[in-house]
1. Write down the accessible area per residue of the range 156-225 in Å², having rolled a 1.4 Å probe over the full set of protein chains.
2. For the range 117-123, just list the computed ³J(HN,Hα) in residue order, Karplus coefficients 6.51, -1.76 and 1.60, θ = phi - 60°, integers in Hz, with x standing in for Gly and Pro.
3. Answer with one residue from His92, His110, Gly76: the one whose Cα lies farthest towards the positive end of the charge dipole of the range 76-123, charges on Cβ with Lys, Arg +1 and Asp, Glu -1.
4. Rounded to the nearest 10 Å², what accessible area does Ser288 have for a 1.4 Å probe in the complete protein model?
5. Indicate the gyration tensor shape class of the range 135-262 (rounded, prolate or oblate), computed on the Cα atoms with a ≥ b ≥ c the square roots of the eigenvalues: a/c under 1.5 is rounded; otherwise a/b larger than b/c is prolate and the rest oblate.
6. Please state the relative contact order of the range 199-284 as a whole percent: Cα pairs under 8 Å, 6+ residues apart?
7. How much solvent-accessible surface does Thr148 expose, in Å² to the nearest 10, with a 1.4 Å probe and all protein chains in place?
8. In the range 62-124, carbon and sulfur make up what percent of the accessible area (probe 1.4 Å)?
Amino acid sequence: MLLRLLVSSFLLAGTSFAVPTKEKRVHRHGDLSDHPHKDASDFLYDHEAFLGKEDAKTFDQLTPEESKERLAKIIGRIDVDKDGFVTHSELHYWIKHRQRRYIEENVNKHWREYDKNQDDKISWEEYKNTTYGYYQGEEFDDVEEKATYKAMLTRDQRRFQEADRDHDGIATREEFTAFLHPEEFDHMRGLVVQETMDDIDKNGDGKVDIDEYIGDMFAPENGEKEPDWVLTERQHFHQIRDGNKNGYLEATEVAQWVLPTEVDHADNEAKHLIHETDTNKDGLLSLSEVMDQAEVISLSTITDYGGMTLAEHDEL
């Protein structure tokens, strides 16, 4: 059972119910592409930024004719108000939508698992019974693991309640997305910080000292010497993380660490693509302009056609 395997991994990692040590603490949106942004020689960055890394590979296999035909259909989808032009806001929204696809796919997968009565909602009882039901009964007498499940249940309930904005005990799809991916929602930021503090603050004093900070990442065995990256993290703790230089990380400093303010790459890419494609410089993209600049556009995140068809319900 998935839950049992999950808990076992926690125990093997030498923790009680903390986040697995291999999971990165910092929640950030990656760049839109691993390729350098150098339009003078290629448009690979734009290609992956518009399609997503996996979908871009599928689109690469189309002939030029197929590429233009499908590109025209995609532009029609981006043009939400159907006025014949793509605005910056429409393009920005599309690219953000592509960034969120992995989240949507994850939510859809779990939604089918937890929406037992298929009413397009997930109640706390549905989630609890599906995830923990077997382990709440008296027949399960593994005390150590049962205590771990109980702690995980408490944590999940707190997160569910925070995501459930109308407090009716039932999660809509948006609320369930916030439950599974709290780092994506502003109103869940405090919970992300609280969960991080719960995991790292072992002595429960409400702050993170250097030993707790390093201990969350590295646990030496048999006199093992600290690798260079750990020494670097020690420097980061004192020079960067500990803003007020009091030797500890308070909640506000933990927030700055795990939920850093970021550049809006999708906004920058939308501006860039319009700049490269808008030949009459009216700030809008017409279909003819897109077709004239098909090399730029088809090698960009606009062409998010790989892995989906227009008949699918992957609406904007």
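1. Working: 3670 Å² over 70 residues.
In whole numbers, the range 156-225 has 52 Å² accessible per residue.
2. Going residue by residue, I get 8, 6, 9, 6, 9, 10, 7 Hz, with x marking Gly and Pro.
3. Highest projection toward the positive end goes to His110.
4. My reading of the accessible area for Ser288 is about 70 Å².
5. It is oblate, given that a/c is not under 1.5 and a/b is not larger than b/c.
6. 24 percent
7. 10 Å²
8. Taking all protein chains in place, the range 62-124 shows 51 percent carbon and sulfur surface.
The values are calculated or read from the model by the stated rules, or taken from the named source; none is laboratory data. Just so it is clear, the model here is predicted, and its values are computed rather than measured. All Cβ positions, even for glycine, are placed from backbone atoms using ideal geometry, and neighbour counts span all protein chains on display. Side chains included, ligands, DNA and RNA excluded: accessible areas come from the protein's heavy atoms. Shrake-Rupley method; radii C 1.70, N 1.55, O 1.52, S 1.80 Å.
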